[in-house]
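Data block below; observations after.
Any read-out appearing in this document is the output of simple, stated calculations on the displayed coordinates, not a laboratory observation. Not measured: the values here are computed from a predicted model. Using ideal geometry, Cβ is built from the backbone for each residue, glycine included, and neighbour counts are taken over all protein chains shown.
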Amino acid sequence: MRRTWTANERIQVIENYAERGAVALAATLGRSADSVSSQARRHGVVSCDYRHRQGRTRAAKSSTVNTRFFETTTPATAFVVGYIWACGSVKHKHRKVLRIACPYGNTKQLRRIRDLMGSRHEIQTYEYRHVLELCNSRLTESLVERFGWPPGRQRDGNPPYLADAFMARFAAGHLAATGTQGDEYVRWNGHPSVIARIASVITAQLKVPPPAILNDRVRRALLWRGAPSVRAIRAWLESEE
């Protein structure tokens, strides 16, 4: 037999549904979640969970970026992660935004990153830099879940969760973002622990001499000199393209 809703039960739905949602209220009232949701609709009450689900659905169906880009690890993914770990950050206080920057007048690699991610977002130009902001919760959540938090300015510079097999493309992306190179040298700049991971993989896999290490207060530089080492490193960087 169908159980009639009491006045007190309706009041609980009206007062608590928005914050607690259908499942929690159903357990309290001894009713099914569908029944609670139906009663809430009659009174025009919408739960926060419902809004969150709507937001996640909209993010997943976005046509402005490949929202699944970070869900599998490929050479292209590793390259983009390397670029982000050099000059990207994730904002999450109000909205979940992946923010990637480059120095003013140097948008070639930033446009490459945008194309690899299937993004149609505009690159914003400021006085000293260009910025690409990707506001998509599914994209940013999958990045953080699979690879960790990019260093940013307020975080410790932890390396990403990335197998050594993909480190060549990661190092290539990092170099494209903040590094420099010539015929006789190659130099990475970044957070100390990230730079240390790149150095350890290169010296282990290529058997080249250790790099010179330069330090300032927050960043570190790796510098290899000499044509033989530079040729070996460049070949390694291009090995998975």
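Of note:
- Sequence of 130, 43 once ranked by neighbouring C-beta atoms within 10 Å, starting from the fewest: 43, 130
- Rough spin-label spacing in nm, given labels placed 7 Å along Cα→Cβ, for residue 183 and residue 207: 2.7
- Among 163-172, 76-85, 100-109, sorting by the average number of other beta carbon atoms lying within 10 angstrom of each residue, highest first, gives 76-85, 163-172, 100-109.
- Listed values (i) 46, 19, 16; (ii) 49, 17, 15; (iii) 33, 27, 20, entry calculated as semi-axes √(5λ) of the Cα gyration tensor in Å: (ii)
- Normalised contact order of the chain, rounded percent, pairs of Cα under 8 Å and 6 or more residues apart: 17
- Neighbour counts of C-beta atoms inside 10 Å place 202, 233 in the sequence 233, 202, starting with the fewest.
- Per residue of the chain, the DSSP helices (runs of n ≥ 4 H) give a summed -39500 (n - 2.57) that works out to -15500 deg cm²/dmol at 222 nm.
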